[in-house]
1. Kindly put Val27, Val455 in sequence by how many other C-beta atoms sit within 10 Å of each C-beta, fewest to most.
2. Take the alpha carbon gyration tensor of the range 245-374, find the square roots of its eigenvalues, order them as a ≥ b ≥ c, and report rounded if a/c is under 1.5; if not, report prolate when a/b exceeds b/c, else oblate.
3. Quick one: of Lys220/Lys406; Lys208/Lys406; Lys141/Lys282; Lys141/Lys399; Lys399/Lys466; Lys208/Lys282, which pairs are farther than 29 Å apart, Cα to Cα?
4. Within the range 353-367, which residues have the backbone N less than 18 Å from the label spot 7 Å out from Asp320 along Cα→beta-carbon, could you tell me?
5. Got the relative contact order for the range 130-259 handy, in percent, Cα pairs under 8 Å and 6 or more residues apart?
6. Rg over Rh of the range 64-201, using C-alpha atoms and the Kirkwood radius, what does it come to?
7. Contact order normalised by length for the range 64-201, with contacts defined as Cα pairs under 8 Å and 6 or more residues apart; what percent is it?
8. Note the angle between two axes, namely the Cα long axis of helix 41-51 and the longest principal axis of the Cα atoms of the chain, as a number of degrees from 0 to 90, rounded to the nearest 10.
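A short reminder: the numbers here are calculations on the coordinates, not readings from a lab. Predicted, not measured: the structure shown is a model, and the values here were computed from it. Because the Cβ atoms are built from the backbone with ideal geometry, glycine has one as well, and the counts that use them run over all protein chains shown.
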Amino acid sequence: MSGSAKAPLELLQPAVDVERRGDGTLVLRSPVPLEAYPQTLSERLFAWAAAAPARVFLGERRGDGGWREVTYAEAVAEVLALAEGLLVRLRARGLEDDRPLAILSDNSVDSGLLLLAAMHIGVPVAMVSPAYSLLSADLGKLRAIGSQTRPALVFADDGERYARALAALEALGAEPIVGARGLAELRATPTAEVERRHRQTGPDTVAKILFTSGSTGAPKGVLNTQRMLCANQQAIAQLWPFLRRTPPVLVDWLPWNHTFGGNHNFNMVVFHGGTLWIDRGKPAPGLIDRSVANLRERSPTLYFNVPRGFDVLLPALEADPELAAHFFADLQVIFYAAAALPQSLWERLWRLSERTCGRRVFMASAWGSTETAPLVTSVHFPIPRAGVIGLPAPGAELKLVPVAGKLEARVRAPWVTPGYLGEPELTAQAFDEEGFYRTGDAVAFADPAAPERGVTFAGRIAEDFKLTSGTWVHVGSLRVAVIEAAAPLVQDAVITGDGREGLGALIFPSLAGARAIVGDPDGDLETLCAESVLREHLRAGLAEHNARNPQSSRRIERALLMIEPPQIDASEITDKGYINQRAVIERRAAEVERLYAAEDPDVIAVAPEVP
């Protein structure tokens, strides 16, 4: 098989207008205006049901190993029946129209159809991370979300697994809907009331409530309107015109309670009449096997993942040419987001695509947040290496404000949130005097002399800190450099040294990388990390990094391997794999102290080499 005969992707040509202000502030805009977009996402769903009724919309594994498939025509019929059922339940309880439906479960056909049914009639959907129900000892974040949202109804696909969570929300007044039986009891014959309620649903109707990670307190509920969802997808359609010719096919695990999986990916499928094969695997030992099995049977046209996901999936693709051939058979784009992709992973993906299909698959990324639904900048042009996050999409304005030696990114666009649920003060603080949303992220130009080559992600402003010398440490770029320096060992790293003389690193190792370095394909992480060959690999890689980066703000003087992975329940990492620097340091304060203690045998001392 050769992919060289595939037609080039049709992409929007890269261009940007730059406004330069006297105080050093820059405002970047696309010269291409945003075109008209639907009033609600339902418009696209129903249009595709008319245009391609037999096309598969959603699919997932059944218990017997086969696939459950739902076509667009079937999806619309189900959405209307579930919408009527929701209205019946709300009327029966005499509840207000703005009382949300809470969805607790992982991605599934049932949760996707219920989500669309609620949005169709203007019932907001609170998408809750399953981790808050299944991994939390005290259900603290779930209870906080329940108190914020006051859901009228709550759905879980498995009553036994979610029993504690359902009971907690039922105590707050939510009526449970459980599994296939619960949905069967909910369905009702659609009446004119469904259509009436849909006509009342418009661009400013709240479609979803998505929650921030809550690393510094209770999760904040980010209001996502129909305008946000539809305008963002229209911008993507203009950036990637090829989607209009080739409806996207996704094999995707990214959680719908996050904006990447739930807004960018799920909505893209609806908007363009594509097919979403729900992957119940995850980038974790054991669970990745499910993803591999799905990719053996379903070939995506677009493949979305986070860097951690590629790190775990790549060994399987590299070891199995047949799997790789099926993976690349129809693939047009490899897309990463949520965190920086180490250059070593980028190069492995390129080498694998060249070896498998005779060409380099288009590599893309984007940048945005839960508050921006999510895409603000996008890579819609060839880039030579990882790190570039693209240019502003049509309709977006990106204001770059000098802060602490960096450029803080602020956003104004039709798809920026109107605010946080029940938090008027936080909402006011989130916007500047011109109405730009303050993201807290920093960016830099890939080439200052050529802005059309895009911007790069330069870390979170709040993550950066100073050494005792007063020197700023820019954590985002340093973290990626540490990962690359000891590839393939380091899956993630947290940089330490705030208020200290020198830098250290808490290293979260990759199991696959550790096994490759030690030469033990079945070793457990604790045993592997005790091996001298692995520890020397890390020390030597960091020493080489230091030789290239002798300055105190870049030089890693000591490292400590973390056997326990970052914990979702402690906000150390999000469901989609982004490490939380502050939460890790706070939770592992004892390990940080060990890093700087004298003569700890587990600490790997790295010579502060200077060329």
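1. Working: Val27 19, Val455 26.
Ranked by crowding around the Cβ, least crowded first: Val27, Val455.
2. Values: a/c = 1.41, a/b = 1.33, b/c = 1.06.
Cα axes put the range 245-374 in the rounded bin.
3. On the way: Lys220/Lys406 26 Å; Lys208/Lys406 33 Å; Lys141/Lys282 22 Å; Lys141/Lys399 33 Å; Lys399/Lys466 25 Å; Lys208/Lys282 24 Å.
Long pairs (Cα-Cα over 29 Å): Lys208/Lys406; Lys141/Lys399.
4. The answer is 353, 356-357.
5. Numbers: 118 pairs, mean separation 23.4, N = 130.
Computed value for the range 130-259: 18 percent relative contact order.
6. Working: Rg = 14.7 Å, Rh = 15.2 Å.
When Rh is taken as the Kirkwood radius, the ratio is 0.97.
7. Values: 198 pairs, mean separation 42.3, N = 138.
That works out to 31 percent.
8. That helix lies at roughly 70 degrees to the long axis.
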